Each structure stands twice: as structure tokens, then as C-alpha cells.
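Here is the structure we will look at, set down as C-alpha cells.
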Amino acid sequence: MIDTHCHILKEDYDNQEEVIKRMKDNIIIVSSASPKDIDEIIELIEKYDNVYGTIGIHPEFAKTYKEEDLKKIEKYLIHPKIVGIGEIGLDYHYTSEEKAEQKNLFKKQILLANKYNKTIVIHSRDAKEDTYNMIEKYKDANTKYNMHCYSYDLEMAQTLTKQNITLGIGGILTFKNEKKLKEIVKEIELEYLLLETDSPYLTPEPHRGKKNEPINIKYVAQKIAEIKNIDYNTVIEKTTQNALRQFNINEKNRH
Ligand code: NI
């Protein structure tokens, strides 16, 4: 199995090595939430066979990032184990005053992804229309997109998957009161779903309340199997194939 999105960095994990070793037969894709994460992600992908990375500048840094952060990202995009740009996108949850800056940073990074043919991992919160318009406007025929931690409605999920954009599904799916995401998982074909934990956040049931870690994606897979009424192993196998394809990870690296 592949955890397609998590943040298992030292500042949150004293037991980072253990957490990675628990996934030794699987793949972990570590995503940068902040420009300061990039160096550690490079160290991790060089140290561990089963760890890959995506690097990018999160919209919360739209006003504070430095040009050299973008240069650093561009420099590392040619690293064979950097499999995408992310997480990048738009987040209007806490602010509506930075829309222009957020769009500008998002655009710059989409263009970088297009230039280096890297997958884009999108973070989008309370910005459905603008995110979709940005994708439409700058989409390159070869660039692949993943909507991480999908949080919008079924209609948008259908619109996106029609364009081959995948949806990241994580711990929220296992929450008792979550109905919308369950409906989406039921309706959308398995080939468009990726498993993710977003560790250390969004721990799935039955461990909700504790710190999340990549091995917990098995609970998300179980829930998908239950909702779609299909075999657990089918979910693992198909979502693994989906992730390998999404991030152009070579089968020979699969453990
Ligand atoms: Ni994240």
C-alpha cells in the first residue's frame, strides 16, 4: 500500500524511524507543508528506499515565502524521488485577504510542474471555484493532478475525475458522522481514489484522538472496501496501482 500524503517530520515524531519502518513493505510519500520541510524531505528520501517526496509551498505562505524557496524547489524537482509538487493550492479558510497572492503562488508552482512534468498535489479549502478555475486555466496536457484530502461535493468530484484528477481519501472517511465523503467514495470509481493519512493529522477510527501515522491507511482502505462492498485486498492493490501511476513511480521500486 502507499500513503500518498503525510508529514512525518522530526518536529512531530520522536520515533520517526520506527514510523517509517512500520511501513517497510509499503511506500510513503512525504509532502511539504512549509518551505522549511524541504531539506528534511530530501534527507528522508535519500535515506529510506520506501520514502518518496513532494515539495512545494503551501498557500498559507503566500505572503511570506521567498524567491529562493521557489528556486530550491526547482533545483530539487529533478531528483528521481521527488515525485510531485505539493502541497500547493488555495486556502481561504482563515483569510480572504490573500486571494491574489495565493493565486499567484499557485500559478507559479503549476507552471513549474508543467515544465518538469511533475504531479501536482493540491491543497484546497473553502476555495472550490477558484481552485477549479486555476486548474482549468493552467492545465497542461501532460500534468497529473491529485486533490489531497478531498473535501468538496460529489458534483465537483465527478467533474474532477472526468478529467482524470484523483481524490485523496484519508481518516475523515472513517468518522462516524461523515456522510458526504462516504457518498463520494461510493459513487466514484476506485481507479480515481488514492489512500492518504495526512499524518500527523486526521487519525482514522479506531485510533482517533491519537497521533496519526502512515500504517493507519489500512483503516481507510477497510472503510473503502466496506462502503463499496468489495474485497479489502482489491482496494489495496488498485489504490497502490493508482498511486504508482499518479506519481510515475517505477514498479521495480515497489517493495
Ligand atoms: Ni497535508
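The values are calculated or read from the model by the stated rules, or taken from the named source; none is laboratory data. Source: prediction; values computed, not measured. Here the Cβ is made from the backbone with ideal geometry for all residues, glycine too, and neighbour counts use every protein chain on show. Note: areas computed on protein heavy atoms with side chains; ligands, DNA, RNA excluded. Shrake-Rupley method; radii C 1.70, N 1.55, O 1.52, S 1.80 Å.
Which one of Ala225, His93, Thr143 is farthest out on the positive end of the charge dipole of the chain, using unit charges on Cβ (Lys, Arg +1; Asp, Glu -1) and the Cα centre as origin?
Value: Thr143.
Given the whole protein assembly as supplied and a 1.4 Å probe, what does the accessible area of Leu111 come to in Å², nearest 10?
Ignoring ligands and nucleic acids, Leu111 comes out at about 80 Å².
Choose one answer from Ile41, Ile20, Ile78: the residue with the largest mean-square fluctuation in a GNM of the chain with alpha-carbon springs under 10 Å.
Ile78
Using a 1.4 angstrom probe, figure out how much accessible area segment 2-253 has per residue, in square angstrom, rounded to the nearest whole.
Accessible area per residue, segment 2-253: 47 Å².
Taking the Cα atoms of segment 146-255, report the difference between the largest and smallest coordinate on each principal axis, in whole Å and largest first.
Cα spread of segment 146-255 along its principal axes, largest to smallest: 35, 34, 25 Å.
Under a 10 Å cutoff between Cα atoms, tell me which one of Glu226, Glu155, Glu183 has the largest fluctuation in the Gaussian network model of the chain.
Result for the chain, Cα springs under 10 Å: Glu155 fluctuates most.
What size of dipole, in debye to the nearest 20, comes out for segment 56-207 about its Cα centre when the only charges are +1 on Lys and Arg C-beta atoms and -1 on Asp and Glu C-beta atoms?
480
In whole percent, and with a 1.4 Å probe on the protein chains, what portion of the accessible area of the chain is carbon and sulfur?
After summing per-atom areas, the C and S share lands at 45 percent.
With each label point set 7 Å from Cα along the Cα-Cβ vector, what nm distance links Glu178 and Asp25?
Modelled inter-label distance: 2.6 nm.
As a test question: what accessible area, to the nearest 10 Å², does Lys218 have when a 1.4 Å probe is rolled over all protein chains in place?
Rounded to the nearest 10, the figure is 70 Å².
Mind pulling up the Rg/Rh value for the chain? Radius of gyration and Kirkwood radius, both on Cα.
Values: Rg = 16.8 Å, Rh = 18.1 Å.
The Rg/Rh ratio comes out at 0.93.
Take segment 30-84, compute every pairwise Cα distance, and split them into 10 Å bins from 0; I just need the percent in each bin.
26, 56, 16, 1
Only Lys, Arg, Asp and Glu count, each charged at its Cβ (+1, +1, -1, -1), so figure out the dipole size of the chain about its Cα centre, rounded to 20 debye.
420
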